[in-house]
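Report on one structure; see the data block that follows.
Every number here is computed from the coordinates shown, using simple stated rules; none is lab data. Since we're looking at a predicted model, the values are computed, not measured. Don't worry about glycine lacking a Cβ; one is built from the backbone with ideal geometry, like all the others, and counts go over all protein chains shown.
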Amino acid sequence: VVALGERLLAQPEAERPYDSIEPQENQVVIAGFGRVGQIVARVLTMHRIPFTGLEVNPHQVDFVRRYGHEIYYGDATRLDLLQAAHVARARALVVSVGNVEASLQIVERVRDTCPNVTILARATNRDHEIMLHEDQSTYIPIGTRHRLANPGKIPLEIIEVQSGSYLG
């Protein structure tokens, strides 16, 4: 009870400045480094495909860094951050943020400024899937069987569509 009271009375954390992104020429940019983004990163690492990870939650960034991932704290809806991550030179952008509006903003900004970049986006529900499809993102329709696999000859294409009461 005391610990809960201390947390409730504690001053809010000071706003943490976004990380500056080191110049690099990675083949894939991952926007969102939650569960899905981490799975994508593991598969890319297994295939020795370099990536740049972007995450808006500073606690998630700190947590993931403890396990050796080099990711950056920043808001991927910001065009300047995407440009700093060299998304225009990437072979693919993986959008795995859980926020529907943020993912649509990211897709729209990259589609408008970098039309040749392949965008692979995670859809959280059927409406989100339809909106992503309208923006020409690559997606796998609900009910389609898929698995994480890549023979290494073409860019890895991963998507997750979740529906129902259990989102695990």
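Can you work out ³J(HN,Hα) from phi for every residue in region 47-60, in order, using Karplus 6.51 cos²θ - 1.76 cosθ + 1.60 and θ = phi - 60°, giving whole Hz and x for Gly and Pro?
9, 6, 9, x, 9, 10, x, 10, 9, 8, 8, x, 5, 5
Once amide H atoms are placed 1.01 Å from N in the peptide plane, what residues at a sequence separation of 5 or more from Ala121, or on another chain, have their amide H within under 5 Å of its amide H?
It is Val95, Thr138, by chain and number.
Given a Förster distance of 30 Å, report the FRET efficiency between Thr45 and Glu15 from their Cβ-Cβ distance, rounded to the nearest 0.05.
Rounded to the nearest 0.05, the efficiency is 0.45.
List the residues, sorted by chain then number, that are 5 or more residues from Ile30 or on another chain and whose placed amide H is less than 5 Å from its amide H.
For Ile30, whose amide H was placed from the backbone, the distant partners under 5 Å are Thr52, Gly53, Leu54, Val94.
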